[in-house]
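Trainee: Following this message is one structure expressed as structure tokens.
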Amino acid sequence: MLNNFFNPKSIAVIGASRTPGKVGFDILRNIIQYGYEGSVYPINPSAGEILGRRAYPSLQDVPDKIDLAVVVVPSKNVLDVIGQCGAKSIDSAIVITAGFRESGIEGSKLEAELIGRAKEAGVRFVGPNCLGMIDTHSKINASFAAGMPAKGSIGFFSQSGALCLAILDRALPDEIGFSKFISMGNKADVSDIDIMLALAEDENTKVILGYIEGVGDGRKFMEVAAEVSRKKPVIILKSGITSSGAKAASSHTGALAGREAAFDAAFRQSGIIRVHTINELFNYAVAFANQPLPKGPNIAIITNSGGPGILAADACDKAGLQLAPLHKELVDELRTFLPPVASFYNPIDILGDSGADRYEKALNTALKDERMNGFMVLLTPTATVDVEATATAITDISRTIDRPILTSFMGKKSIDAASKTLTRYGVPNYSYPEEAVSAMDAMYRYNLWINRPEKTYSKFDGMKEKASQVFENAIREGRDRLAELEVHDVLHAYGFPQPRSLFARTSEEAVAAAKGIGYPVVMKIISPQIVHKSDIGGVRVNLKNKKDVENAFFDITTHVKNIMPAAHIYGVLIQEMVPKGKEIIMGITKDPQFGHMIMFGLGGIYVEVLKDISFRIVPLSEEDAHEMIRETRTFPLLRGVRGEAEADIEAIERSLLVLSQMALDFPRIIEADINPLLVQQRGQGVVAIDARFAIGGE
Ligand code: ADP
Ligand code: MG
């Protein structure tokens, strides 16, 4: 679909200028200067000649077919130009011109009109408000960037033109190769999704890199990314942290979610490798573009100094990479050529007096261990080491193996030339060992992603039917929350065990209820105005006898009347006191772009402080449920510490899947949480102690 963006046989620059320094000049110059082999048509009202090319007063005056239009005219003329493109059967355009949505209300209107006009004219366009596009393989530099990257296999798209320039400038001195550079601008028409699909098809692109501030259609984005990321690594830097201000503040889930959680979950579920800095974006890109993936977590490190080796080892440990010693006979082999005070284990410290030959021998020995999935070579520029020769030895080895090698030659002045050699021959070199580890880890995780089995989705029958009535009533009555009893019914419909409960309006009724349920009991205030009951002293646990119940009833009701005189008190709920278990929270929230998400975390009153929670976008697969529990820092608590019994983790997983189904069944749920869900010992299930549901429009 985007064919003519990528391989145009002819390009028109509409708004080409004669004045150096003007964008309309720079773009034309870049196209010509960097060797574009197709035809170039400058369009300028005064015609004549620009940069040695015949110029035409308008598109219609060009006698030949044009594949791609680059539009640099003032914003007020862009719509007309797009119309003319259509008339000349040009189906692809890059609108460089600014002054659209980014500039305010008027600009937004103009952009909306532009979208309409382009549709009518049958023109797809990149931009507006962008830097242009570079394709190193067809030698097109239709941008006003200062320079042209080397030919390579990294395809980069960016919502920010400035970031394109920064990346380009960073890439130039090291001759880091790119296939395509696409500045997306306002993404009024061609979107990240279109570009991802196009780069996935592009045979010159091995790694897809993107900078985005937001996505349009979140669901579609995920779907496409999941498909593309199975074929090629997709590495994305996402900025723009905003709070979830628009959400109802009544539930924990809503307050905890935030937009970043949605992006994190979406990226993770679609196999996108998320980075948080430009440096990381770059570091990962060169690793993926140049080295094969490690097929497992086992890494061997060779270093000529202790400190960096330890730093790298620590970083591996945090990342989930493993450093095991080499096979015994290989350790013996190391002993034959390394000084006796060297370290023969992993990291292999070949000592500060090493030369290139020792590096080469040590690396070759390590390679003989087939269990090693990847290699890292660290170098501190000591007086004895021939840095250049070492670099050459490593690149020679790298060419012959199908396992990855990354290096960290530390320093600047004395390693500069070697670093260039490494880069040129496809061995990424990093300033610091941690960066090399982090890139290796990203490749390892990506390898897991592409090899993971298809996800499995469970389906639960007969639940929706039982809960429909409740939601219908609440919607019909225009309520935005479910009442206590309705919550009970919904949870019941979805198979959540709940403590036995009885409602009581008076002290006498409370005592009778407690007797019916059996001591000890819990008492909770019931009032439509009270959301968080214990915050205002509305929950009493462990009431052991009649006297406790009478006192509690008196205390709760007078206390609530005192501090919330306006609250309408219906009465109290008497509840069976559930034996102690682990308190967790789970819930549903709705993100404006990605839709429903499921949350999991440690429950109880510290949840908002610790924020130890994880999210997944609905529908959850069984694997998602499994992972999102294990992702939290408190997971070991569920496993049981210091002789505690293990909690029923399988029941938690199932509950998460049930909630996912509930969100699919009732799109009107905007927020829900169960807090706490009391988890019993393994095999004994969970009990939903307390829950809230907020509903809204479709
Ligand atoms: P709220 O969240 O509105 O303050 P909850 O119903 O969640 O009220 O009760 C607060 C806390 O009291 C719970 O987190 C839990 O620790 C404890 N609790 C409440 N009901 C029970 C029960 N039936 N059995 C055991 N503990 C309970
Ligand atoms: Mg609660």
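The values are calculated or read from the model by the stated rules, or taken from the named source; none is laboratory data. Just so we're clear, the structure is a prediction, and the values are computed from it rather than from any experiment. Neighbour counts are summed over all protein chains in view; Cβ atoms, including those assigned to glycine, are modelled from backbone coordinates with ideal geometry. Note: accessible area is taken over every heavy atom of the protein model, side chains too, but ligands, DNA and RNA are not part of it. Shrake-Rupley method; radii C 1.70, N 1.55, O 1.52, S 1.80 Å.
Trainee: Report D for the stretch 537-666 in µm² per second (integer): Stokes-Einstein, Kirkwood Rh on Cα pairs, 25 °C, 0.890 mPa s.
Mentor: Roughly 140 µm²/s, to the nearest whole number.
Trainee: How far is helix 546-563 tilted off the main Cα axis of the chain, in degrees rounded to 10, range 0 to 90?
Mentor: 60 degrees
Trainee: Now a separate question. With only alpha-carbon pairs counted, each pair once and no self-pairs, how large is the Kirkwood hydrodynamic radius of the stretch 79-148 in angstroms?
Mentor: Over the stretch 79-148, the inverse of the mean reciprocal pair distance is 12.9 Å.
Trainee: I would also like to ask the following. With no solvent and one point per C-alpha, what does the Debye sum give as log10 I(q)/I(0) for the stretch 468-627 at q = 0.16, 0.20, 0.21 Å⁻¹?
Mentor: The Cα Debye sum returns log10 ratios of -1.11, -1.38, -1.42.
Trainee: Starting from the 7 Å offset along Cα-to-Cβ, what nm value, one decimal, do you get for the label separation of Q593 and K220?
Mentor: Taking the simple label geometry, Q593 and K220 are separated by 1.4 nm.
Trainee: Going through the cross-link list K328/K368; K295/K420; K22/K151; K295/K455; K109/K180; K151/K206, which pairs have a Cα-Cα distance over 23 Å in this structure?
Mentor: Too far apart for the 23 Å limit: K295/K420; K22/K151; K109/K180.
Trainee: Also: Could you tell me how many cubic angstrom of Cα convex hull volume the stretch 413-465 has per residue?
Mentor: Residue-normalised Cα hull volume stands at 124 Å³.
Trainee: List the lysines whose alpha-carbon lies under 25 Å from that of K582, not counting same-chain residues fewer than 8 positions away?
Mentor: Excluding near neighbours in sequence, the set is K524, K533, K544, K611.
Trainee: Can you give the Kirkwood hydrodynamic radius for the stretch 1-132, in Å, rounded to one decimal and based on Cα pairs?
Mentor: 14.6 Å
Trainee: Considering only protein heavy atoms, what per residue accessible area in square angstrom results for the stretch 166-228 with a 1.4 angstrom probe?
Mentor: It amounts to 34 Å² per residue over the stretch 166-228.
Trainee: Where does the Debye-calculated log10 I(q)/I(0) of the stretch 332-387 sit at q = 0.20, 0.31 Å⁻¹, using only Cα point scatterers of equal weight, no solvent?
Mentor: -0.72, -1.52
Trainee: Which one of S419, I536, S17 is farthest out on the positive end of the charge dipole of the chain, using unit charges on Cβ (Lys, Arg +1; Asp, Glu -1) and the Cα centre as origin?
Mentor: I536
Trainee: Roughly how tilted is helix 278-290, in degrees to the nearest 10 and between 0 and 90, from the longest Cα axis of the chain?
Mentor: 70 degrees
Trainee: Can you tell me the Rg and the Dmax, both Å, for the Cα atoms in the stretch 517-575?
Mentor: Cα only, the stretch 517-575: 11.0, 33 Å (Rg, Dmax).
Trainee: Bin width 10 Å, origin at 0, all Cα-Cα pairs of the stretch 426-522: what percent of pairs per bin?
Mentor: 11, 20, 18, 14, 13, 15, 7, 2, 0
Trainee: Quick one: pull the percentage of alpha-carbon pairs in the chain with a separation above 45 Å.
Mentor: 40 percent
Trainee: If you don't mind, another one. Any chance you could tell me what percent of the C-alpha pair distances in the stretch 127-223 go past 18 Å?
Mentor: 41 percent
Trainee: Given Cα positions, please report Rg to Rh for the stretch 317-464, the hydrodynamic radius being the Kirkwood one.
Mentor: Rounded to two decimals, Rg over Rh is 1.12.
Trainee: Convex hull over the Cα atoms of the stretch 472-561, averaged projected area in nm²?
Mentor: Result: 6.6 nm².
Trainee: Provide the per residue accessible area, probe 1.4 Å, for the stretch 1-144, rounded to a whole number of square angstrom.
Mentor: Each residue of the stretch 1-144 exposes 42 Å² on average to a 1.4 Å probe.
Trainee: Now, a different point. Report, in degrees rounded to the nearest 10, the 0 to 90 angle that the Cα long axis of helix 463-476 makes with the longest principal axis of the chain.
Mentor: Computed tilt is about 90 degrees.
Trainee: For the chain, what does -39500 (n - 2.57) per DSSP helix run (n ≥ 4), summed and divided by total residues, give at 222 nm, in deg cm²/dmol to the nearest 500?
Mentor: Estimated from H runs of four or more residues: -12500 deg cm²/dmol.
Trainee: What does the convex hull of the alpha-carbon atoms of the stretch 590-687 project to on average, in nm²?
Mentor: 6.5 nm²
Trainee: With label points built 7 Å along Cα→Cβ from the Cα atoms of R53 and S431, find their separation and express it in nm.
Mentor: 3.9 nm
Trainee: Also: Work from the charge dipole of the stretch 1-141 (Cβ charges, +1 for Lys and Arg, -1 for Asp and Glu, about the Cα centre) and give the residue of G107, N77, V62 farthest towards its positive end.
Mentor: Toward the positive end, the furthest listed residue is V62.
Trainee: While we're on this one: Heavy atoms only, probe 1.4 Å: what % of the accessible area of the chain goes to carbon and sulfur, would you let me know?
Mentor: Carbon and sulfur atoms account for 53 percent of the accessible area of the chain.
Trainee: Still on this structure: May I ask you to derive the FRET efficiency for N473 and A567 from their Cβ-Cβ distance with R0 = 22 Å, giving the value to the nearest 0.05?
Mentor: Once the sixth-power term is evaluated, E becomes 0.40.
Trainee: Before I look further, what does the stretch 591-698 give for accessible area per residue, probe 1.4 Å, in whole square angstrom?
Mentor: 40 Å²
Trainee: Okay, next question. At a Förster distance of 22 Å, what's the computed FRET efficiency of V541 paired with R639, Cβ-Cβ distance as r, to 0.05?
Mentor: E(calc), rounded to 0.05, equals 0.25.
Trainee: Binning every alpha carbon pair distance of the stretch 289-380 at 5 Å from zero, what are the percents per bin?
Mentor: Values per bin, smallest distances first: 3, 15, 27, 25, 20, 8, 2, 0.
Trainee: Dividing the alpha-carbon radius of gyration of the stretch 259-325 by 2.2 N^0.38 Å (N being the number of residues), what value is obtained?
Mentor: Rg over 2.2 N^0.38 Å, computed on Cα atoms: 1.37.
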